[in-house]
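Here's the structure, in structure tokens; my notes come after.
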Amino acid sequence: DEWIYFFKHNSVKDEFTAKGLSKVRKVLLYENLTPNEKAEYDKILEVRRDNQVALDSALLRVRVEYELQLASEREEKEAALAREREKEAALARALAELEALKNNNQQKDL
């Protein structure tokens, strides 16, 4: 019934709920605008799209910068850990040499 009403009267009442009529209502609203109103509406949509693109680009840049910062911090931590492991290995070698010297001296004393 609602679609038949639309076809007869070329309008859609606000209370209509038939599937697809909400899209038809939007198209009718646009088509009933004056040329100046259409131009203004189109300009608003264009500005909104441009703003969304700018926002998406900014968010992407922030995310990339954040990921780069995390990667840099991770590399710094890994380098520090590698330096600590090297220090531990050098200390273990020094302790092993000291133990070997101690054992050598004990054998000489016998």
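The values are calculated or read from the model by the stated rules, or taken from the named source; none is laboratory data. Treat the numbers as computed from the prediction; the structure is a model and nothing was measured. Positions of Cβ are backbone-derived with ideal geometry, glycine not excepted, and every protein chain shown enters the neighbour counts. To get the accessible areas, we keep the full protein, side chains included, count just its heavy atoms, and leave off ligands, DNA and RNA. Shrake-Rupley method; radii C 1.70, N 1.55, O 1.52, S 1.80 Å.
Condition first: open to solvent by 70 Å² or more (accessible area, probe 1.4 Å), among the hydrophobic types (A, V, I, L, M, F, W, C) and not in a helix (DSSP H, G or I). Can you find one or more residues in the range 83-100 that meet it?
Within the range 83-100, none of the residues are open to solvent by 70 Å² or more (accessible area, probe 1.4 Å), among the hydrophobic types (A, V, I, L, M, F, W, C) and not in a helix (DSSP H, G or I).
Report every pair of residues separated by at least 6 positions or lying on different chains whose Cβ atoms are under 8 Å apart, first residue within the range 3-19 and part of a loop (DSSP other than H, G, I, E, B), second of a type in the set (A, V, I, L, M, F, W, C).
Asn10/Leu28; Ser11/Leu28; Val12/Phe6; Val12/Leu21; Val12/Val24; Val12/Leu28; Phe16/Phe6; Ala18/Trp3
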